[in-house]
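Take a look at the structure below.
What follows draws every value from the coordinates through simple rules; no lab data is involved. Just so you know, these numbers come straight off a predicted model, no measurement behind them. We place every Cβ from the backbone using ideal geometry, glycine too, and count neighbours over all the protein chains shown.
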Amino acid sequence: MNSSIDRPASPPASAKRAGSSRRPLLIAVLVAALLAAAPVFVKDAFTIQVLLMVIMFGALGAAWNLVGGFLGRVSFGHCVFVGVGGYTTILLLQHLKLTPIIGIPLGGLLSAAIAWVVGGPTLRLAGHYFAMATIALLQIGLLLMINWQWAGGAVGLEAPIAEAPWMLLFRSKVPYYWIAIGLALLTFLATWFLVHSKVGFYWRAINGDESAARSLGVPADRYKMLAFVLSGGITGVWGGFFAMYVGFIEPESMFSLSLSVQVVLVAILGGVGSLLGPWLGAALLIPLSEGTRVMWGSSGLGLDLLIFGLAILLVTMFLPGGLVTLRRRRGAARR
Amino acid sequence: MLEALSAGLFNGLIYAAVALGLALIWGITDVINFAHGEFLMLGMYAAYWMFTLGHVDPTLSAPMVACLLGFVGFTTYTLIIKRLQKGPAMAIILATFGLGLVLRQLAFIFFSPDYRNLPDTLVSGSITVGNISMGRPQVIAAIASLAVIGILFWLVYRTRWGHALQAVAEDREVAALVGIPPDRVNAQVWIVGSAAVGFAGALLTTFFYVYPSVGTVFGLLAFVAVCMGGFGSLPGALVAGITLGVIESMTGYFVAPALKTVSIFIVFILVLWYRPRGLFGRW
């Protein structure tokens, strides 16, 4: 009552609020522009590779965050959608000569459809059951692809080596980098608008207390399914891009539990339930992962993965809320 | 077919023994130990090296391996789980996943990725009952698993300590009010649960290869068994473990060996579809 009276009396405050709420979008565009300009200054292929991986994992983390962060359902099998998107794109390219410009969105659509099908049985599950169900789905996808000879079986599939821009085939990795930036910007904008719309508020209501949300009239089942489907679709699109970028796919790399956990880790490290978290998490974690691989990977002892595992342990033990809580903590101290 | 069925039952008992440790930890402390499979791997390596270096047969060293893994469980709880108990659930999940990754990579570094197996243990050979031939190591391991399962059931459902466990599982604060120290009970649960999986791991070495990633396979099966059986339910984990073993061998027999693991996960999804809280409710 009081706030509703105050609101029309202070138009400048509301205008200021509206102005400040647009700032993340401007910042996102600026960051995208800066990243897009990076190849002009940076000639090192490895740095471009690391930047691309950061961008991709940030986007995957943001997509996962719709379900894991805003809806509160922890999915450890999200890479089943990466696999579906990737295989769809490559199979369409190989068998129908269809350009990935169409194949990648189709991969996203198929991933969304699969999310819709499996969302029915799995979204009813609470807590740990949902996590285990998503892992089971990932294993089913992995094992089926290993045994499906038409789709390459355990051997895998290759994208042709050529210079054909309309087929998204380039000899250099820089064009893929620019495509990744474009896709990442779209991903951020999509998640931003979703979270700031009625949909996002419904998700957080369901996350906070599902029973209470239902009693207030929130159609919980429909919005849970929407989060899962959108998340699956976005992840599928990135799976298609990843397949084209890498050029070779096989079941173990596309339906990887480790990749799934890495996506979760990126989101959690950065801070779940926040729009900026996954990108921050990716910016910190991927360089660490790639750096340790470069420094120790060639020793053949798996030291890079050991250090990676230790990093996971230490981060989750000392910073369980993620990076964004640092800022909040500092803000709280300041107040 | 009878041979496939009996093999499934025996494998199922071993799966159940591995799953029970996880069910105990999961049910009491509400923590999914993603490193559970790696604990099994540690148990297998411990038994392997005891045999290779000290000529102690795995069937005899199993209790020692169980004690060793109990210590690992205790250390894990006190150093990692305890400080995260009040944090977000995902932090514990990722911490145990990180721990599993560390243990696996340490095994790679110290023991190499090579597959190892034990020749000529005390229980090598086969047993023939009627028309059914079975590997003796599998039979012995299944019987020992049954014994471990029996001991765990007795501990949890027939002792004062078990009642304390169930009280803590119900409500930590209320249990503390009546004088049961939750942290001590949690530590004890981690010791017992880890010891159970260590025991199963030692017995597995009598017929299964030892390699750093072996824990991933058995760990996933343990997760499925515990989840399918019902959150925190020991009887559920037992029934689910045996069911998984039978499903696996029957699929291998009737359909194709390559698809037997797929069927486990498919059945798992179907069970959760109809029983969102698993076959058995909470205890």
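The table that follows gives values for the structure above.
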item	result
Alpha-carbon centroids, the stretch A:76-113 and the stretch A:191-217: separation in whole Å	30
For the stretch A:220-297, radius of gyration divided by Kirkwood radius, i.e. Rg to Rh on alpha-carbons	1.02
Value of [θ]222 nm, deg cm²/dmol, for chain A, DSSP H segments ≥ 4, -39500 (n - 2.57) each, nearest 500	-25000 deg cm²/dmol
A:Ser256-A:Ser211 FRET efficiency (beta carbon distance; Förster radius 35 Å; 0.05 resolution)	0.45
Scaled radius of gyration (Cα, divided by 2.2 N^0.38 Å) that the stretch B:36-157 gives	1.30
Cα pair count fraction exceeding 19 Å, expressed as % - the stretch B:229-283	30
Net lengthening on full extension, B:Trp49/B:Glu170 (0.36 nm per residue, minus Cα-Cα)	39.5 nm
Rounded tilt (10° steps) of B:58-76 against the dominant C-alpha axis of chain B	30
Surface/4 of the Cα convex hull for the stretch B:2-274, nm²	15.1
Ordering of A:23-35, A:235-247 by burial proxy (mean other Cβ atoms within 10 Å per residue, highest first)	A:235-247, A:23-35
Rg/Rg_ref, the stretch A:172-288, where Rg_ref = 2.2 N^0.38 Å and atoms are Cα	1.22
Cα-based equivalent ellipsoid of chain A: semi-axis lengths in Å, sorted from largest, via gyration tensor	33, 24, 21
Contact order relative to length of chain A, as percent, for alpha carbon pairs under 8 angstrom and 6 or more apart	30
Approximate spin-label separation A:Leu288-A:Ala154, in nm, with each point projected 7 Å along Cα-to-Cβ	3.4
Rounded tilt (10° steps) of A:174-195 against the dominant C-alpha axis of chain A	30
Per-selection Rg to Rh, the stretch B:132-237 - Cα, Kirkwood hydrodynamic radius	1.04
B:His55, B:His36 arranged by Cβ crowding within 10 Å, fewest neighbours leading	B:His55, B:His36
Enclosed volume per residue, in Å³, of the convex hull spanned by Cα atoms of the stretch B:20-108	87
Ranking of B:Met44, B:Met250 by count of other Cβ atoms within 10 Å, fewest first	B:Met250, B:Met44
At q = 0.30 Å⁻¹, base-10 log of I(q)/I(0) for the stretch A:96-151 (Debye sum, equal scatterers on each alpha carbon)	-1.12
Averaged over B:219-230, number of beta-carbon atoms from partner chains that fall within 10 Å	3
Computed [θ] at 222 nm, helices only, for chain B once each DSSP H run of length n ≥ 4 contributes -39500 (n - 2.57)	-24500 deg cm²/dmol
P(r) tail fraction, the protein assembly as shown - alpha-carbon pairs more than 37 Å apart, %	37
